[in-house]
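Starting off with a structure, shown below.
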Amino acid sequence: MMRARSSGAALVAAVAVVGAAWGAPAVAAAQDAWALDEDWPRYPADMVFEMGTGVAVGADGVVYTISRDVDHWAAHPLAMSRYRGRGTVARWDASGRFLGTFGDDREFIGPHSMYVDPQGFVWVVDREGHQVVKLTPDGETVLTLGEYGVFGDDEGHFNGPTGVAFLPDGRVVVSDGYWNSRLVWFDENGNYLKEVGGLGAGPGQLALPHAIALDPAGRLIVGNVCGTALHPYVTAPGQIAPERLEPVPGCVSRFEVFTREGEYVGPWDGVPEPGLPLSVAVYGDRIYAGVTGSEPGRQDLVVVDAETDDEVFRIPNANVYVHQMAMAPNGDIYVASVYPEHGGEPRGIEGPSFVRWAADR
């Protein structure tokens, strides 16, 4: 089935060498190129969802996608019935063949992102569910952070978590998130350790930490989005603190850098003017970031050398939004995009909710 796709060149090439440190995908060549696969994935005829939000790839090349099947309208009086949000994890192979759903014992309310950690566990960040969930490769729940469907701002609750980063010693750092403004550290067993941040534009403060990743030097790169109480329609009365209803004076949407222990370093020089810093990921010695695109209603995927912070290549107009991206072991890049209508594209299986940029091999 042919679907509407982001506009732009079908083939993108740039001079770069992508390293394979930490067991990352080996994509080393004098010139790397990606072609947009116009027929990925091949959706089952009965699949229905509104938008894609997250994507991850296992070491075996299996692609995991998570969708918002029903967008969450918490403020609606029927929110806990037919307007309650719902999300599904699906699996695919590189050709786009559907491999079934995953983690069906979990009911995700408003999924935001997902990851495969170095041990092969699958993590799902459920924004409206206010949880981060760790699943086995077979889809069984092994750990949950936060209380399901209950928002808060303490050691046991989130208020719209957005992402997770994995530290080498087993600790995890959660960006929290949409209606809190903090980074939270947990040990490998899920015990709360500490947090940093707080609403503001001062050193170490955050507005909306939307994405987070750890680079080879131990830097936490955080996509910080400025805005006033974003997406209030998915919140319940009292969920948004009054101070969040006003603009944050002096706030600039950009990528911020913290040490893995939470000390603030400063703005990231790799993408000094990202526009809307929605996503960040690290593979080998490269940092991948979703930034405002060269065409209206599109975002570019920029790749930066982690050692020098120099841009080494980009995929122009990689999708309407680069809400999350993931690289496969063979070098293919997958992108999940929310709200495709903002770029004039349809929702669901007809639109660019999930796309594959196939490595030229």
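The values are calculated or read from the model by the stated rules, or taken from the named source; none is laboratory data. This structure is a prediction, so every number in the text was calculated from the model and none was measured. All Cβ positions, glycine included, derive from the backbone under ideal geometry; neighbour counts span all protein chains shown.
From (1) of a type in the set (Gly, Ala, Ser); (2) surrounded by fewer than 24 Cβ atoms within 10 Å (Cβ to Cβ); (3) within 22 Å of residue 261 (Cβ to Cβ), pick out the condition that doesn't hold for residue 175.
Only one criterion is unmet by residue 175, namely (2).
Name the strands (runs of 3 or more DSSP E) wholly inside segment 294-361 in which the number of residues that are of a type in the set (Ser, Thr, Tyr) is 1 or more.
Numbers: elements: 299-305, 311-319, 324-327, 333-336, 354-359.
In segment 294-361, the matching strands (runs of 3 or more DSSP E) lie at 333-336.
Could you please find all residues in segment 105-157 being within 23 Å of residue 181 (Cα to Cα) and among the acidic types (Asp, Glu)?
Listed by number, the residues that qualify are 126, 128, 147, 153, 154, 155.
What residue, of 90, 94, is of a type in the set (A, V, I, L, M, F, W, C), closer than 30 Å to residue 37 by Cα and in a strand (DSSP E or B)?
Exactly one of 90, 94 is of a type in the set (A, V, I, L, M, F, W, C), closer than 30 Å to residue 37 by Cα and in a strand (DSSP E or B), namely 90.
Follow-up question, since we're still on this one. Take residue 13 and decide whether it is closer than 23 Å to residue 178 by Cα and at pLDDT below 90.
Working: closer than 23 Å to residue 178 by Cα: no; at pLDDT below 90: yes.
Taking the combined requirement at face value, the residue does not satisfy it.
Within segment 152-164, how many residues turn out to be in contact with an Asp or Glu (Cβ under 9 Å, 6 or more places away or on another chain), under 17 Å from residue 241 (Cα atoms) and not acidic (Asp, Glu)?
5
Counting just the residues of segment 267-292 that are aliphatic (A, V, I, L, M) and assigned to a loop (DSSP other than H, G, I, E, B), which one comes out nearest to residue 308 (Cα to Cα)?
Applying the filter and picking the extreme gives 271.
Then there's this: Buried (at least 23 other Cβ atoms within 10 Å of the Cβ) and either over 17 Å from the mean Cα position of the chain (by Cα) or free of Cβ contacts under 8 Å to residues at least 12 places away in the same chain (or both): which single residue out of 202, 197 fits that description? Full working, then the answer.
On the way: 202 fails: buried (at least 23 other Cβ atoms within 10 Å of the Cβ).
Selected residue: 197, the only one of 202, 197 that is buried (at least 23 other Cβ atoms within 10 Å of the Cβ) and either over 17 Å from the mean Cα position of the chain (by Cα) or free of Cβ contacts under 8 Å to residues at least 12 places away in the same chain (or both).
Residues that are touching a Ser or Thr at 6+ places or on another chain (Cβ under 7 Å) and within 26 Å of residue 326 (Cβ to Cβ): which strands (runs of 3 or more DSSP E) entirely in segment 170-262 hold 3 or more of them? Please lay out each step first, then the result.
On the way: elements: 172-176, 182-186, 192-197, 208-214, 219-225, 254-259.
Strands (runs of 3 or more DSSP E) meeting the threshold: 208-214, 219-225.
Output the number of the condition that residue 288 fails; it satisfies all remaining conditions of (1) free of Cβ contacts under 8 Å to residues at least 60 places away in the same chain; (2) touching a Gly at 6+ places or on another chain (Cβ under 6 Å).
Unmet condition: (2).
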